[in-house]
Amino acid sequence: MPIVQVVDSNFDSEVIKSKQIVLVDFGAPWCGPCRMVAPVIREIAHEYGNIIKVVKVNTDANPCVAADYNIRSIPTLMIFQNGVKVDTVIGAIPKSTLLNTLNKYI
């Protein structure tokens, strides 16, 4: 399943109202650690696309959502279940670490 680009105006419909578990990747194009974690996010989107929804939010272009979730450091990865943030991982982490966190919810 492809990674969905989410903006301030559709965050609610794409993430909060989603029936699936949603992994939200908060980042920015200029961010080195964001680019480092991008292949991991793509792999997870491909391997778990039938179980979870993976979305990306550009924090520079979407300051409202970034402010709502108090994003201070990028990349920040948040997991939402039934419209509620259930977990957060900050930084360019290995795939195994992210999967260990995700596996608590899937």
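When residue 74 is tested against (1) more than 18 Å from residue 103 (Cβ to Cβ); (2) more than 12 Å from the chain's Cα centre (by Cα), just one condition goes unmet, and that condition is (2). Taking region 58-87 as the range and being farther than 13 Å from residue 105 by Cβ and of a type in the set (A, V, I, L, M, F, W, C) as the test, the residues that pass are 61, 64, 65, 66, 67, 71, 74.
Scanning region 78-99 for residues that are closer than 16 Å to residue 54 by Cα and either among the polar types (S, T, N, Q) or in contact with a Phe, Trp or Tyr (Cβ under 8 Å, 6 or more places away or on another chain) (or both) returns 78, 79, 81, 82, 85, 86, 87, 88. Residues in region 1-38 that are among the aliphatic types (A, V, I, L, M), under 15 Å from residue 58 (Cβ atoms) and in contact with a Lys or Arg (Cβ under 6 Å, 6 or more places away or on another chain): 3 alone. The sole residue among 74, 44 that is in contact with a Cys (Cβ under 6 Å, 6 or more places away or on another chain) and at pLDDT 95 or above is 74. Answer yes if at least one residue in region 32-43 is within 17 Å of residue 99 (Cβ to Cβ) and among the acidic types (Asp, Glu), and no otherwise. Yes, region 32-43 contains a residue that is within 17 Å of residue 99 (Cβ to Cβ) and among the acidic types (Asp, Glu). Are any residues in region 40-78 under 22 Å from residue 95 (Cα atoms), among the small types (Gly, Ala, Ser) and without any contact (Cβ under 8 Å) to a residue 40 or more places away in the chain, and if so, which ones? Within region 40-78, just 73 meets the criteria. Just one of the listed residues (69, 105, 48) is among the aromatic types (Phe, Trp, Tyr) and closer than 15 Å to residue 2 by Cβ, namely 48.
The values are calculated or read from the model by the stated rules, or taken from the named source; none is laboratory data. Small disclaimer: the values here were computed from a predicted structure and weren't measured. Every residue, glycine as well, gets a Cβ built from its backbone with ideal geometry; the counts of neighbours run over all protein chains shown.
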